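The values are calculated or read from the model by the stated rules, or taken from the named source; none is laboratory data. All values derive from a computational prediction rather than experimental measurement. Backbone-built Cβ (ideal geometry, glycine too); neighbour counts: all protein chains shown. What goes into the accessible areas is simple: the full protein's heavy atoms, side chains included, and nothing from ligands, DNA or RNA. Shrake-Rupley method; radii C 1.70, N 1.55, O 1.52, S 1.80 Å.
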Amino acid sequence: MFIAHLPSGYLLAKATLTQFKISQIAPSTVILTMMMGAIFPDIDLFYFFLIDHQQVHHHQYFLHWPILWIGLFLGLSLLYKFCQKPSKFLLLALLFCAGGILHVILDSLVGDIWWFAPFIDRAFALFKVEAQYQPWWLNFILHWSFWVEIFICIIAGIVYLRSKRKDTQ
């Protein structure tokens, strides 16, 4: 994914606000938290470009390991469930992790994700993007899967505009 992580985080946040009653946190905070979670795994790109010099695929770094995000989400969910009075921070951490899970799921469409890391060193992707063009990123932008990203962005834009229109009425 190149452009759809942030809009997909927005859509997840709007769906979460629709499905669950979250009264202790402002909706804008929920949206911002989930959007940040949906892009956070790509913070490893700084390491990838500045320190690692592109030696290892950045999806092999621990921030792209599904076990990290799913484990954190499950652990925080248990903590939330059994806390007498769970804090706002705990709920925000849960929402942030949901965004991280969404990120690795979306990356699995055409980007290699090491779903069983650190135990099994094997990448998985639903579809393969063949290397045909230079520079490398053209292979992704000219692949049919980029239309999925555009579609996610369009849907997020529509949802955003509708929510703004609803706010002004």
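Descriptive notes on the structure:
- Any hit, the range 99-120, residues being over 13 Å from the mean Cα position of the chain (by Cα) and among the acidic types (Asp, Glu): yes
- Any hit, the range 13-21, residues being surrounded by 13 or more Cβ atoms within 10 Å (Cβ to Cβ), out of contact with any Ser or Thr (no Cβ under 6 Å at 6 or more places or on another chain), over 22 Å from residue 148 (Cα atoms) and among the hydroxyl-bearing types (Ser, Thr, Tyr): no
- Qualifying residue in the range 100-117 (condition: out of contact with any helix residue (DSSP H, G or I) (no Cβ under 7 Å at 6 or more places or on another chain) and of a type in the set (Asp, Glu)): no
- The residue pairs whose first member lies in the range 139-151 and is in contact (Cβ under 8 Å) with a residue 40 or more places away in the chain, whose second member is of a type outside the set (Val, Ile, Thr) and surrounded by fewer than 16 Cβ atoms within 10 Å (Cβ to Cβ), and whose beta carbons are closer than 8 Å, counting only pairs six or more residues apart or on different chains, are 140/2; 141/2; 146/2; 149/2.
- Just one of (1) open to solvent by 70 Å² or more (accessible area, probe 1.4 Å); (2) under 20 Å from the mean Cα position of the chain (by Cα) fails for residue 91. It is (1).
- Taken together, the residues in the range 37-87 that are under 21 Å from the mean Cα position of the chain (by Cα) and assigned to a helix (DSSP H, G or I) amount to 31.
- Here residue 13 clears all of (1) part of a loop (DSSP other than H, G, I, E, B); (2) under 13 Å from the mean Cα position of the chain (by Cα); (3) not charged (D, E, K, R) except the condition numbered (1).
- The range 94-121, subset open to solvent by 80 Å² or more (accessible area, probe 1.4 Å) and among the β-branched types (Val, Ile, Thr), residue farthest from residue 152 (Cα to Cα): 120
- Meets criteria (surrounded by fewer than 16 Cβ atoms within 10 Å (Cβ to Cβ), within 25 Å of residue 147 (Cβ to Cβ) and at pLDDT below 95) for residue 2: yes
- Matching residues, the range 126-169, being open to solvent by 100 Å² or more (accessible area, probe 1.4 Å), under 23 Å from residue 113 (Cβ atoms) and out of contact with any Ser or Thr (no Cβ under 7 Å at 6 or more places or on another chain): 128, 130, 132, 136, 137, 142, 144, 147, 151
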